[in-house]
1. Among (1) at pLDDT 85 or above; (2) in the same structural domain as Leu294 (by TED's automatic domain parsing); (3) β-branched (Val, Ile, Thr), there is one condition Thr187 misses while meeting the rest; what is its number?
2. Could you tell me whether Leu223 is in contact with a strand residue (DSSP E or B) (Cβ under 8 Å, 6 or more places away or on another chain), at pLDDT 85 or above, part of a helix (DSSP H, G or I) and hydrophobic (A, V, I, L, M, F, W, C)?
3. Counting just the residues of the stretch 182-220 that are part of a helix (DSSP H, G or I) and hydrophobic (A, V, I, L, M, F, W, C), which one comes out farthest from Ala249 (Cα to Cα)?
4. Across the stretch 281-308, what is the number of residues that are farther than 14 Å from Asp265 by Cα and of a type outside the set (Lys, Arg)?
5. Return yes when Ile171 is part of a helix (DSSP H, G or I) and without any contact (Cβ under 8 Å) to a residue 24 or more places away in the chain and no when it is not.
6. Let me confirm something: among Ile271, Ile256, which residue is surrounded by 15 or more Cβ atoms within 10 Å (Cβ to Cβ) and within 17 Å of Thr212 (Cα to Cα)?
7. Would you say Ala249 is surrounded by 11 or more Cβ atoms within 10 Å (Cβ to Cβ), at pLDDT below 95 and more than 60 Å from the chain's Cα centre (by Cα)?
8. For residues that are surrounded by fewer than 15 Cβ atoms within 10 Å (Cβ to Cβ) and in contact (Cβ under 8 Å) with a residue 12 or more places away in the chain, scanning just the stretch 227-243, find the one that is nearest to Met262 (Cα to Cα).
Amino acid sequence: MADTSAKGSKTGMIIMIVLLVVLVGVGGYEYYTITQKNTEITNLTTDKNNLTAQRDSLNTSLNDYINTVNEIANRLQTIRNNQVTITELIARTEAAGSSQRDRSLNDISAIESQLDKDKRDLNDLTQKMEQANIRIRSLENMVAQLRKELDKNVQTVAELRSIIESKNEQIKAAEATIKTNESTISTVRNDLSNTNRQLQETRNVLEETRNTAYYLVGTKSELKERNILVEKGFLIRKTLSLAPEVNDAAFTKIDITQARQMNIDTGINNIQIVPARATGSYSLEAAGENASVLRITDPAAFWKIRYMTIVVKG
């Protein structure tokens, strides 16, 4: 009986130990499992936070990229508008003043500076996208389109500058030609002025010469001694005439348009006009016992010979 009881205690002890071992094993397994799950949850949470941060960073980058693209697009629109204005100005460049042409060149310089900045910004944007490993087809297409338009604008603005500079060179050449022509015209005008003055002086001299005559009053002997008159012929056939060469200074100069009569201090019978004048072109009238008046009635006929001596008896 005692043996049976001992065996029963021993068996119960073994069962308890087995149960204890089983419980410890199950508890350890559950603890391990819980710890592992907690670790996985922690890792997943960390991954989630990292992904959220990456998503937020990506969204921020995308917003920055889109803002940059929009900003460049807006600036290109402004440049397009400016190009239209400058193109219209170029169409009127022949009539535009130098200040307008300078203003157009300044506008083009500003556009060139802006295009250069946009090109740098676009290159920076492309580099950032490559570094961030962002491959968004629509954004890449926008950037490619902006780059294409940017290159086109660079070429267009270069052509505008070339056109204006070419026009400026043409205008400078035209202005130089105009200055040369103005100088030539000024010289010609001065020459014409001098010529006109000389012509007028010549006209005055000719007019004065045409209207000038010379006369001298004296006895025959006086006039012969002064080589004003020469006597030719023999005895009663002797005639008086002007010497071949006479000195104007020896005569009195008169204006034949004004002098229509001359007073002579001797009687009309003591007067001889040498050279003789056309009959009917003058008259001699007594003006007293020893005075006479020579009246010129036809100046053109009377003064065909511009030198006249009034020979009086001495």
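The values are calculated or read from the model by the stated rules, or taken from the named source; none is laboratory data. Bear in mind the structure is a predicted one, so any value in this text is a computation, not a measurement. Here the Cβ is made from the backbone with ideal geometry for all residues, glycine too, and neighbour counts use every protein chain on show.
1. Condition (2) is where Thr187 drops out.
2. Values: in contact with a strand residue (DSSP E or B) (Cβ under 8 Å, 6 or more places away or on another chain): yes; at pLDDT 85 or above: yes; part of a helix (DSSP H, G or I): yes; hydrophobic (A, V, I, L, M, F, W, C): yes.
Yes, satisfied.
3. Ile185
4. 14
5. no
6. Values: Ile271 fails: within 17 Å of Thr212 (Cα to Cα).
Criteria check complete, one pass: Ile256.
7. no
8. The selected residue is Ser241.
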